[in-house]
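Asker: So that we are looking at the same thing, I have put the structure below in structure tokens.
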Amino acid sequence: MSRIGRMPVAIPAGVTVEVAENNKVTVKGAKGTLERVLSAEMEIKVGDGQVVVTRPNDLKRMKSLHGLTRTLIHNMVVGVSEGYQKVLEVNGVGYKAAKAGKKLTLSLGYSHPVEMEDPEGIETTVEGNKIIVKGINKEKVGQYAAEIREKRAPEPYKGKGIKYADEVIRRKVGKTGKK
């Protein structure tokens, strides 16, 4: 059995989980509502404060889908109850981030400022050299944070660029002078 797929997903107070036909899962909570159509082969049961995912047989594809389906439901439940956030740091001389309305403006050493529009359901805030990306959909939060980081990924010599707050940049030794 899939060790992850076997574990039930606990439903916290204030969260409702509904499963419609074709495994369309709707999760409602304090922060909002998430919907997702999951694999029709998996059997999803909601009862006594938890969601249990079972698979029909032990084919390789079913084993893969088992853990995935359970994790996707868990991420939806956590998203509507607590939400997700990613913290990015802007490092470098003259590198800065600013927020105006739904627009994130990044000055990253290019000849022009980079402007990014917050996607639907995602909120960004800027505190000093930190950019905080918040939302209820884990996938969208991670994707948007990756797109921001991509605008100027950290380089290994001086560590300049945009990095995740918990990311460690492997530094390289620069050139040495002639003797």
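The values are calculated or read from the model by the stated rules, or taken from the named source; none is laboratory data. Remember, it's a predicted structure, so these values are computed and weren't measured experimentally. Note: ideal-geometry Cβ built from the backbone for every residue, glycine included; neighbour counts use all protein chains shown. To get the accessible areas, we keep the full protein, side chains included, count just its heavy atoms, and leave off ligands, DNA and RNA. Shrake-Rupley method; radii C 1.70, N 1.55, O 1.52, S 1.80 Å.
Asker: Could we say that I131 is open to solvent by less than 20 Å² (accessible area, probe 1.4 Å) and under 19 Å from K31 (Cα atoms) here? Don't jump to the end; show me each part of the working.
Answerer: Values: open to solvent by less than 20 Å² (accessible area, probe 1.4 Å): yes; under 19 Å from K31 (Cα atoms): no.
No, not satisfied.
Asker: Being exposed (fewer than 13 other Cβ atoms within 10 Å of the Cβ), within 24 Å of the chain's Cα centre (by Cα) and not acidic (D, E) is true for just one of G101, G29. Which residue is that? Steps first, answer last, please.
Answerer: Values: G29 fails: exposed (fewer than 13 other Cβ atoms within 10 Å of the Cβ).
Of G101, G29, the one residue that is exposed (fewer than 13 other Cβ atoms within 10 Å of the Cβ), within 24 Å of the chain's Cα centre (by Cα) and not acidic (D, E) is G101.
Asker: Now a separate question. Suppose we filter L106, L34 for residues that are surrounded by 15 or more Cβ atoms within 10 Å (Cβ to Cβ), among the hydrophobic types (A, V, I, L, M, F, W, C) and within 18 Å of the chain's Cα centre (by Cα); which single one remains? Write out each step before concluding.
Answerer: Details: L106 fails: within 18 Å of the chain's Cα centre (by Cα).
Step by step, each of L106, L34 is checked, and only L34 is surrounded by 15 or more Cβ atoms within 10 Å (Cβ to Cβ), among the hydrophobic types (A, V, I, L, M, F, W, C) and within 18 Å of the chain's Cα centre (by Cα).
Asker: Report those strands (runs of 3 or more DSSP E) wholly inside the stretch 45-102 carrying at least 2 residues which are in contact with a Gly (Cβ under 9 Å, 6 or more places away or on another chain) and of a type in the set (V, I, T). Before the answer, list the steps.
Answerer: Working: elements: 50-54, 84-91, 96-100.
Of the strands (runs of 3 or more DSSP E) lying wholly inside the stretch 45-102, those with at least 2 residues that are in contact with a Gly (Cβ under 9 Å, 6 or more places away or on another chain) and of a type in the set (V, I, T) span 50-54.
Asker: Of all residues in the stretch 120-153, which are over 12 Å from the mean Cα position of the chain (by Cα), without any contact (Cβ under 8 Å) to a residue 24 or more places away in the chain and not in a helix (DSSP H, G or I)?
Answerer: E120, E123, E127, G128, A153
Asker: Considering every residue within the stretch 82-92, establish whether at least one is touching a residue at least 60 places away in the same chain (Cβ under 8 Å), touching a strand residue (DSSP E or B) at 6+ places or on another chain (Cβ under 6 Å), within 30 Å of I169 (Cα to Cα) and charged (D, E, K, R). Walk me through how you get there before you give the answer.
Answerer: Taking the stretch 82-92 as the starting set, the residues that turn out to be touching a residue at least 60 places away in the same chain (Cβ under 8 Å) are 86-92.
Then keep just the ones that are touching a strand residue (DSSP E or B) at 6+ places or on another chain (Cβ under 6 Å); that gives 86-90.
Add one more test, that the residue is within 30 Å of I169 (Cα to Cα), and what stays is 86-90.
Going one step further and asking which of them are charged (D, E, K, R), we end up with 86, 89.
Checked the stretch 82-92: at least one residue is touching a residue at least 60 places away in the same chain (Cβ under 8 Å), touching a strand residue (DSSP E or B) at 6+ places or on another chain (Cβ under 6 Å), within 30 Å of I169 (Cα to Cα) and charged (D, E, K, R).
Asker: Kindly list the number of the only condition in (1) under 25 Å from Q85 (Cβ atoms); (2) surrounded by fewer than 18 Cβ atoms within 10 Å (Cβ to Cβ); (3) touching a residue at least 60 places away in the same chain (Cβ under 8 Å) that fails for V15.
Answerer: (2)
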